[in-house]
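Bear in mind these aren't lab numbers, they're just calculated from the coordinates by the rules spelled out. Here the structure is a predicted model, which is why all the values come from computation and not from measurement. Cβ placement follows ideal geometry from the backbone for every residue including glycine, while neighbour counts extend to all protein chains displayed.
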Amino acid sequence: MLSEQVQLEMHHQMVRIRRFEETLQQVYMEGKSPAFDIAAGPVPGEMHLAAGQEPVAAGVCLHLRVSDAVTATHRPHHIALAHGMDMQRMMAEIFGKDTGLGHGKGGHMHLFDPATHFGCSGIVAEGMPTAVGHALAFKKQGRDEVAVSFFGEGAANQGAFHESLNLAALWNLGVVFVCEDNAWAISVPKEKATAIANNSDRAAAYGIPGVLIPDNDPVAVYEAAGEAVARARAGRGPTLIEVKTDRLLGHFEGDAQIYRTKDEMETLTQRDALKLYERRLIAAGTLTEDGAGQVWVAAQAEVDAAIEYARQSPYPEPEAALLHVFA
Amino acid sequence: MAVETKRRLLTTSKAIAEGIAQEMERDPAVFVMGEDIGAYGGIFGATEGLLAKFGPERIIDTPISETGFIGAATGAALSGMRPIAELMFVDFFGVCMDQIYNHMAKIHYESGGNVRVPVVVTTAIGGGYGDGAQHSQTLYGTFAHLPGMKIVVPSTPYDAKGLMISAIRDDNPVIYMFDKGVMGLGWMTPNPRATGEVPEEPYTVPIGKADIKRPGRDLTVVTVSLMVHRALDAAEELAAEGIEAEVLDLRSIVPLDREAIVESVRRTRRLLVVDEDYRSFGMTGEVIATVVEGAFDYLDAPPARLALPDVPIPYTRPLEQYVLPSRERIVTAARELVAGR
């Protein structure tokens with residue numbers, strides 16, 4: 001049984017993430033209507049939101065220190081927030097402002113934060129070898145930090161996935177590989193792309209534990225991640241965790257999702273992990289209706305403050321484009 | 001100079017290995033990984049003797065997983081190490097380039113300068129020994145086209161050691177390319193220029209500074225790596241006919257020492273660029289553009305270039321020798337340039 005504190009903290013993180021993503025969804029559409037123009041508005045470019053995938057981020061990151069390395073994907077916000085990234089500087093980066101983590105040079109797919117040892121990238125499976133390298137460094141330095149690599153089920157068909165699992169197993173490195181299986185690689189469903197039902201089975205090919213979390217439950221993720229992180233910290237090697245999670249929104253904002261049925265979308269809404277979890281906490285008396293409401297209000301205030309910070313921040317000078325190619 | 005110095009001759013490969021070893025002794029964060037870099041000592045000898053000296057924890061033989069271990073070099077660098085990762089042949093970049101140009105090379109920029117990625121990728125380049133289209137390329141132009149990587153291409157044992165030490169100490173990704181022909185390997189065609197004087201103590205050669213390997217007044221030959229040797233051979237032959245060729249060894253492609261190129265051509269008023277890489281969209285075009293921008297009014301003749309025609313490198317000797325720049329071809333091109341033809 002998890003402590004109330006942990007249960008509530010997971011709820012808090014999930015609500016923060018949900019409010020972040022849903023508010024950003026609205027802000028993103030500013031200037032993009034009536035005709036959708038991806039380059040217009042305060043936040044241009046692709047925008048991949050992670051509403052529905054909060055249990056993965058909350059369940060794993062609660063076990064981490066900011067000195068643990070995290071690599072994430074093109075859909076990185078939930079993980080960045082749960083791992084402790086400063087929301088204002090993160091939002092400012094998404095707005096392309098000079099106060100952003102990368103002074104506006106990275107954008108939402110390229111968030112790099114030395115303070116939380118966080119990195120992500122827009123190429124599928126690209127961060128997996130990076131995580132192996134972080135763990136290799138920790139081992140060489142005699143530290144008990146771990147590296148966590150988040151990736152989607154689509155990434156498990158990349159060579160980088162297999163090379164990374166083999167290396168981490170071969171060198172007995174403290175890596176936790178977390179597969180967020182949201183069932184869709186943009187518009188291609190998992191069963192049309194992957195020869196087996198569960199990527200966690202692929203762990204067997206590298207002689208490491210493979211754990212399947214079948215139902216997007218933050219408590220189950222928390223428990224599995226706790227074991228995997230402890231194992232990694234103790235120098236007992238990598239683990240592959242697969243979470244069947246849900247992508248409640250499109251691949252990116254503006255995606256009409258012609259490949260998904262109304263029924264599927266309805267089902268996803270019905271089983272929204274955050275709502276289910278909140279009801280569970282209330283039913284168990286861990287959280288009151290009022291208490292839950294306060295968490296949502298506080299989260300909205302935090303997100304609004306971050307957006308205000310980002311809006312008020314200046315853009316970098318155009319000539320700054322020429323800086324930082326080399327250290 | 002009247003100062004007595006102990007002359008010590010090393011091949012380029014031994015000079016590189018010595019540079020790595022001295023940095024590993026100085027800095028525990030430095031380690032090497034790659035294919036056959038341990039007991040074998042690197043296919044081209046760049047890590048010879050290091051396993052015996054430093055053990056398998058710091059000299060790591062990897063599986064054939066270039067994406068995996070070169071990507072891991074990036075991660076290790078982000079967590080405080082200074083890895084050297086060897087890509088056995090540059091031709092193999094196709095299996096791992098995403099990790100290099102899209103990740104390693106861009107993180108510093110994407111982070112707005114907040115994150116540093118001190119990785120050295122060593123790799124063998126060059127042909128001329130019948131290894132076919134997939135083991136003979138140089139490709140530095142391909143790498144140099146993509147921002148975020150320094151590209152080092154030494155030609156002498158002295159430069160090779162000093163540039164290796166600079167590369168390891170650099171806080172950026174450095175692609176360190178050694179031409180097989182400059183390494184002084186016993187199983188390659190003997191090349192006297194691949195052996196030279198190398199000081200025992202550690203020293204640096206700055207990345208981004210070209211070096212005049214032979215001064216001359218009649219034309220400037222701009223080149224790198226093994227083609228420096230060919231150009232020096234050609235310059236000796238030309239000198240016998242009264243043509244004094246200046247041989248400018250760029251030593252690094254990124255940063256490119258444009259000042260040195262322009263300065264030399266302003267003096268000699270003629271430019272020949274010699275390149276073992278493909279002709280189009282590459283180093284020769286960039287050097288000529290630099291001279292057109294910076295020394296146009298000084299030119300007595302249109303710039304000339306020798307490079308690989310835009311074909312894959314053929315296997316059989318007569319075809320391969322036909323496409324590679326050679327001493328003879330440099331001599332001919334220089335004569336024509338000076339004669340104003």
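In the range B:9-57, what chymotrypsin sites (Phe, Trp or Tyr not before Pro) fall in a loop by DSSP, with at most 15 other Cβ atoms inside 10 Å?
Numbers: sites: B:31, B:40, B:44, B:54; in loops: B:40, B:44.
Here the sparse-neighbourhood loop sites are B:40.
Could you tell me the calculated FRET efficiency between residue A:205 and residue B:289, based on Cβ-Cβ distance and R0 = 56 angstrom, to the nearest 0.05?
Values: r = 51 Å, r/R0 = 0.91.
It comes to 0.65.
Of B:136, A:15, A:135, which is farthest along the charge dipole of the protein assembly as shown in the positive direction, counting Lys and Arg as +1 and Asp and Glu as -1 at C-beta? Farthest along the dipole direction, towards plus: B:136.
With a cut-off of 11 Å between beta carbons, the residues surrounding residue B:310 carry a summed charge of 0, where Lys and Arg count +1 and Asp and Glu -1.
Between the beta carbons of residue A:311 and residue A:25, assuming R0 = 22 Å, the FRET efficiency works out to 0.85 to the nearest 0.05. Looking at the range A:233-324, the pairs of alpha carbons with a distance over 15 Å make up 79% of the total. Long hydrophobic helices in chain A, taken as whole DSSP H segments with a C-alpha length of 18 Å or more on their own axis and mean Kyte-Doolittle hydropathy at least 0.0: A:127-140, A:218-233.
Note that the range B:38-119 carries a Kirkwood radius of 13.6 Å, evaluated over its alpha carbons pair by pair.
So if I take the alpha carbon set of the protein assembly as shown, get Rg, then get Rh from the Kirkwood formula, what is the Rg over Rh ratio? Before the final figure, lay out each step's value.
Working: Rg = 28.2 Å, Rh = 27.0 Å.
Rg/Rh for the protein assembly as shown comes to 1.04.
Per-residue mean of foreign Cβ neighbours for B:110-122 is 6 (Cβ atoms of other chains, 10 Å radius). If you run the Gaussian network model on chain B, springs between alpha carbon atoms under 10 Å, then out of B:221, B:121, B:205 the most flexible one is B:205. In the protein assembly as shown, helices alone account for a calculated mean residue ellipticity at 222 nm of -11500 deg cm²/dmol, with every DSSP H run of four or more residues adding -39,500 (n - 2.57). Inter-chain neighbour count for B:55-66: the average number of beta-carbon atoms from partner chains within 10 Å of each residue's beta-carbon is 2. Phi angles of the range A:185-197 translate, via the Karplus equation with coefficients 6.51, -1.76, 1.60 and θ = phi - 60°, into HN-Hα couplings of 9, 6, 10, 9, x, 3, 5, 8, 10, 10, 6, 10, 6 Hz per residue; Gly and Pro are given as x. Dimensions of the range A:141-282 based on its C-alpha atoms, expressed as ranges along the principal axes with the largest first, amount to 50, 40, 25 Å.
Taking chain B as the reference, fit the longest principal axis to its C-alpha atoms, fit the long axis of helix B:327-339 to the helix C-alpha atoms, and give the angle between the two in degrees, 0 to 90, nearest 10. In chain B, helix B:327-339 runs at an angle near 40 degrees to the longest axis.
As a quick test, which of the pairs B:14/B:213; A:192/A:275; A:139/B:53; A:139/B:150; A:32/A:275; A:140/B:53 have an alpha carbon distance above 24 angstrom in this structure? Walk me through the numbers on the way to the answer.
Values: B:14/B:213 21 Å; A:192/A:275 30 Å; A:139/B:53 20 Å; A:139/B:150 28 Å; A:32/A:275 30 Å; A:140/B:53 17 Å.
Beyond 24 Å: A:192/A:275; A:139/B:150; A:32/A:275.
Taking every residue in A:137-143 and counting other chain Cβ atoms within 10 Å of its Cβ, the average works out to 5. The H on the amide N of residue B:82, modeled in the peptide plane, is under 5 Å from the matching H of B:30, B:31, each at least 5 residues off or on a different chain.
Calculated on the alpha-carbon coordinates, the convex hull of chain A measures out at 138 cubic angstrom per residue.
Shape summary: the range B:9-197 maps onto an equivalent ellipsoid whose semi-axes, from the alpha-carbon gyration tensor, are 24, 19, 15 Å in decreasing order.
Around residue B:18, what is the net charge, scoring Lys/Arg as +1 and Asp/Glu as -1 over all other residues with Cβ under 14 Å from its Cβ? Once all neighbours under 14 Å are counted, the net charge is -2. Three principal axis extents describe the C-alpha atoms of the range B:279-341; from largest down they are 43, 26, 14 Å.
Label zone of residue A:227 (point 7 Å out along Cα→Cβ, amide N under 18 Å): in the range A:51-79 this covers A:56, A:59-64. Amide H contacts under 5 Å for residue B:305: B:273, restricted to partners 5 or more places along the chain or on a different chain, H placed in the peptide plane at 1.01 Å from N.
Summing charges over neighbours of residue A:119, with a neighbour being any other residue whose Cβ is under 12 Å away from its Cβ, gives -2 when K and R count +1 and D and E count -1.
Relative contact order, whole percent, for the range B:90-179 stands at 38, derived from Cα pairs under 8 Å and 6 or more residues apart.
For the protein assembly as shown, give the magnitude of the charge dipole about the Cα centre (Cβ charges: +1 Lys/Arg, -1 Asp/Glu; no others), in debye to the nearest 20.
Values: 60 positive and 88 negative charges, 228 e Å.
The calculation lands at about 1100 debye.
Rounded to the nearest 10 degrees, what's the angle between the helix B:66-78 long axis and the longest principal axis of chain B, both from Cα atoms, 0 to 90? Around 80 degrees separate the two axes.
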